[in-house]
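What follows is calculated from the coordinates using simple rules that are stated; it is not laboratory data. Note that the structure is predicted; figures quoted are calculated from it, not measured. Using ideal geometry, Cβ is built from the backbone for each residue, glycine included, and neighbour counts are taken over all protein chains shown.
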Amino acid sequence: MARGNLASMIVQLIATNRPGSNTAKVAAHVAEIYAAKGSPLHIVDLHQLPPEIFSPSSYAEKPASFTQFQEAILKARGVVIVTPEYNGGIPGVFKYFLDMLKFPESFQGTPVTFVGLAAGIWGALRPVEQIEDILIYRRAVIFPERVNISGINDHLDEKGRLKTAELVERLEKQADGFLKFVEKVGR
């Protein structure tokens, strides 16, 4: 499920369970940026969700295997969400994950920032706005500088690394701003 030390308290949430996704590739680069700034991220990868969380009985009682996912969100001082756009919206698994988290305490008062990516021209604008609406409802504190990446396939090299200098610079600037934001408003 997670890589990194929960003591860092900034969580990166990879908002898809698609194997080998571009989202995971971008998230890896974002994690490197934070680590280089002395703030390694605790990774919550929805690809690692336990299969039993998808049982209808999970609405009433969460399986023990889900506890580490829940605890990461509850303990987070900040959350970096990296999300793709699927069919004009958020991945279904991500919405389901949000539904499985404790309410109202999950995300309440937690600073959140977004990196959205899509093959199309809008760079996951719609799913990021959808997630923002959900997290505002859950009383998260939204950092206003998102990074939306359109035409993601044009920005990855043959190894799946971001190759566009301007884009990497935007991600670094976002990380700098978000780390300061978390220090000011984080719990």
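If R0 equals 45 Å, the separation of the Cβ atoms of D176 and T67 corresponds to a calculated FRET efficiency of about 0.85.
Between E183 and E169, the contour length at 0.36 nm per residue exceeds the Cα-Cα span by 2.9 nm. Candidate cross-link partners of K62 among the aspartates and glutamates, defined by an alpha-carbon separation under 12 Å and a same-chain spacing of 8 or more, comprise E52, D99. Fully extending the segment from W122 to R139 would add 3.5 nm, taking 0.36 nm per residue of separation and subtracting the current Cα-Cα distance. Past the 17 angstrom mark, what percentage of all C-alpha to C-alpha distances in the stretch 7-75 do you count? Cα-Cα pairs in the stretch 7-75 separated by more than 17 Å: 50 percent.
Could you tell me how many degrees, from 0 to 90 and to the nearest 10, lie between the Cα long axis of helix 22-36 and the main elongation axis, the longest principal axis, of the Cα atoms of the chain? Its long axis makes an angle of about 80 degrees. Taking a straight line from the alpha carbon of K159, these lysines sit under 20 Å away, with near neighbours fewer than eight places off in the same chain left out: K25. For the chain, the alpha carbon positions stretch 46, 36, 28 Å along the principal axes, listed from largest to smallest. Packing here is the average count of other Cβ atoms within 10 Å per residue, and on that basis the peptides 87-98, 9-20, highest first, run 9-20, 87-98. Estimated from helices alone, the mean residue ellipticity of the chain at 222 nm is -11500 deg cm²/dmol (sum of -39500 (n - 2.57) over DSSP H runs with n ≥ 4, per residue).
Think of the stretch 1-130 as having a plus end and a minus end, set by charges on the Cβ of Lys, Arg, Asp and Glu; of A124, I33, V44, I33 sits farthest toward the positive end of this dipole. The local environment of G92, defined by Cβ-Cβ distances under 13 Å, has a net charge of 0 under the rule Lys, Arg +1 and Asp, Glu -1.
Taking label positions 7 Å along the Cα-Cβ direction at both Q108 and A35, the computed distance is 3.4 nm, reported to one decimal.
Around the amide H of G89, modelled in the peptide plane, lies no amide H under 5 Å away from a residue 5 or more places distant or on another chain. Charge dipole (Cα centre; +1 on Lys/Arg Cβ, -1 on Asp/Glu Cβ; no other charges) of the chain amounts to roughly 320 debye.
The K75 and Y96 beta-carbon pair, evaluated with R₀ = 22 Å, returns a calculated FRET efficiency of approximately 0.55.
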